[in-house]
Amino acid sequence: MPLSNLQPNVHQRRTSFPLRTDPLQDDKATEIKLLSVARPHMRAFHYAWLSFFFAFFGWFSVPPLMPTIKKQLGLTADQVSNSNIVSVASTILGRAVGGPLCDRYGARTIQAILLVVGAIPVASAALVTSYTGLMFARFFIGLVGCSFIATTYWTSTMFSKEVVGSANALAAGWGNLGAGVTTLVTPQIFNLVTIGGALSDDIGWRIALLFPAFFMVIVGVALYFNSDDCPQGQYKDLKKNHIDAVATKPAVDMKQGLLLVAKMPVTWILAFQYACSFGVELQVHNVLTEHYYEDFTYPNCDPATDANECRRLTQSRATLISSLFGFMCLFARALGGYLSDVANQRYGMKGRIATQFVAFAGQAIFLYLYSTTKNLSSSVPLLIFFGIFVQACTGSTYGIVPYVLPAFTGATSGFVGAGGNVGALCWSLMFKGIGDRSTSFKYLSIFVGVGALVTFGIKVPGSAAIWEKSNSVNGSVACTEVDDDSVHNPRNATPV
């Protein structure tokens with residue numbers, strides 16, 4: 001009788017996959033086929049970006065409606081700023097622990113929980129009637145932002161060193177697109193249900209917020225039952241049969257990983273740079289609609305006398321322009337990851353670091369130029385170029401992250417990701433303190449410029465810094481070969 005009939009519950013190690021894989025890297029895929037949804041690799045890839053998309057859709061569903069919410073709830077400018085602050089503050093702790101939780105339980109489970117549970121505060125926001133209620137709702141909605149960690153962890157588990165930068169950037173970039181789509185879609189839902197006075201504005205914005213919550217639940221349940229934790233299947237099955245060491249990490253590793261990551265200077269540099277890229281992106285999403293709605297006015301017109309007559313744009317038109325920034329996620333983050341991968345193939349880690357510097361320098365330049373214009377027609381192309389570079393920065397940053405401490409990729413990803421939310425919190429406080437948005441954008445460009453300069457301090461263990469000499473073989477830094485092998489094979493990695 002066949003062994004499989006005697007032991008039906010024993011998980012057999014899989015050896016055949018629809019994609020080319022590398023058995024030396026835990027069967028991770030060495031190629032990306034975007035038109036495929038085959039399990040395990042491409043199914044996980046598509047669920048990773050789709051779940052992140054709806055997480056962002058829900059997270060940023062409130063800011064596009066803020067002009068209406070502000071009026072209906074009688075909020076002041078400071079109260080709106082405070083709600084923006086709490087929406088990113090709550091994500092900081094969640095991102096810090098999200099990585100180790102993925103190390104322990106798998107990204108699939110964590111992502112499903114974030115979506116299903118996160119849909120509750122998104123839907124509850126439609127019930128708020130006061131400033132206090134809005135603050136509580138946005139605080140808990142912010143926890144959905146932790147889904148980014150699960151997304152990049154999931155793709156890092158499924159794809160090899162040759163394509164992981166592109167896979168991470170594509171999944172995260174398409175997921176980030178949810179912020180741009182919600183900026184465009186939620187105001188249109190509001191317009192649709194309030195057209196001709198069918199429903200009041202106060203009812204309309206509440207109905208618009210129910211839309212993302214519904215899809216968050218659908219996608220969360222679907223991904224949990226129709227995808228895999230890693231190429232060999234589900235963590236629970238691997239633990240049961242002791243097939244893969246990555247699925248049996250002891251709980252102490254969660255604390256150990258965070259401590260090791262926190263002791264490494266390179267993770268602090270990357271966290272600061274992520275604050276100057278993803279953190280900037282979050283803050284821009286929070287204020288951009290109001291910036292176009294309130295700050296672009298006709299000349300020789302006093303907004304204090306009649307604000308509506310002075311404004312060049314309606315809420316719908318302001319959100320339409322603002323959505324252009326979010327739509328850069330469609331390709332720009334992937335572009336940053338792709339260029340990082342290409343540079344790595346030719347120049348090793350130095351290539352990734354050089355890509356990082358160019359991306360941050362470009363972001364700083366276009367953000368500064370954007371901050372200085374009050375002309376509506378010139379602000380749009382500047383916003384687009386600024387959006388391209390800020391997204392490229394996030395992609396190039398996570399092209400480096402998997403190489404920092406391969407044995408604890410989740411902890412590293414969570415630490416750097418938390419830096420993005422700390423940055424968003426700091427930028428929110430800065431915008432509130434300064435008051436004038438254009439001036440705040442100008443100061444923000446200075447911090448981004450500093451982020452470009454600290455690139456020269458990046459030194460990944462086992463690789464040379466960009467200013468150091470190193471031996472290279474066929475255009476690839478020789479000393480990175482061992483590190484490359486361990487990036488996606490934690491069993492071969494040695495903690496630094």
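Ranked by the mean number of other Cβ atoms within 10 Å of their residues, highest first, the peptides 44-55, 166-177, 446-457, 134-145 fall in the order 166-177, 44-55, 134-145, 446-457.
Remark: Thr355, Thr267 ranked as Thr267, Thr355, counting other beta-carbon atoms within 10 Å and listing the fewest first. Overall, the stretch 37-492 carries a charge dipole of about 500 debye about its Cα centre when +1 sits on the Cβ of Lys and Arg and -1 on the Cβ of Asp and Glu, all other atoms neutral. In this calculation the C-beta distance from Ser16 to Val97 is compared with R0 = 41 Å, giving a FRET efficiency of 0.70. Put in line by how crowded their Cβ is, counting other Cβ atoms within 10 Å and starting with the fewest, Lys33, Lys374, Lys161 read Lys374, Lys33, Lys161. Fully extending the segment from Arg317 to Val450, taken as 0.36 nm per residue of separation minus the present Cα-Cα distance, adds 44.5 nm. Within the chain, helices built from complete DSSP H runs that reach 30 Å or longer along their own axis (Cα positions) and carry a mean Kyte-Doolittle hydropathy of -1.0 or higher are 77-105, 164-194, 201-226, 349-372, 376-400, 409-434. In this rough spin-label picture, where each label sits 7 Å from Cα along the Cβ direction, the Arg346-Leu199 distance is 5.3 nm. Counted residue by residue at 0.36 nm each, then reduced by the alpha carbon distance between them, the extension gain from Thr439 to Ser130 reaches 108.2 nm.
Packing around the peptides 419-425, 438-444, taken as the average count of other Cβ atoms within 10 Å per residue, puts them in this order, highest first: 419-425, 438-444. Per-residue Cβ neighbour counts within 10 Å put Tyr338, Tyr224, Tyr298 in the sequence Tyr298, Tyr224, Tyr338, beginning with the fewest.
Just name one of Leu335, Leu320, Thr183: the one whose Cα is farthest towards the positive end of the charge dipole of the stretch 37-492 (beta-carbon charges, Lys/Arg +1, Asp/Glu -1). Checking the options against the dipole of the stretch 37-492, the answer is Leu335.
Values in this text are rule-based calculations from the coordinates and carry no lab data. Given the structure is predicted, the values throughout are model-derived calculations rather than measurements. Don't worry about glycine lacking a Cβ; one is built from the backbone with ideal geometry, like all the others, and counts go over all protein chains shown.
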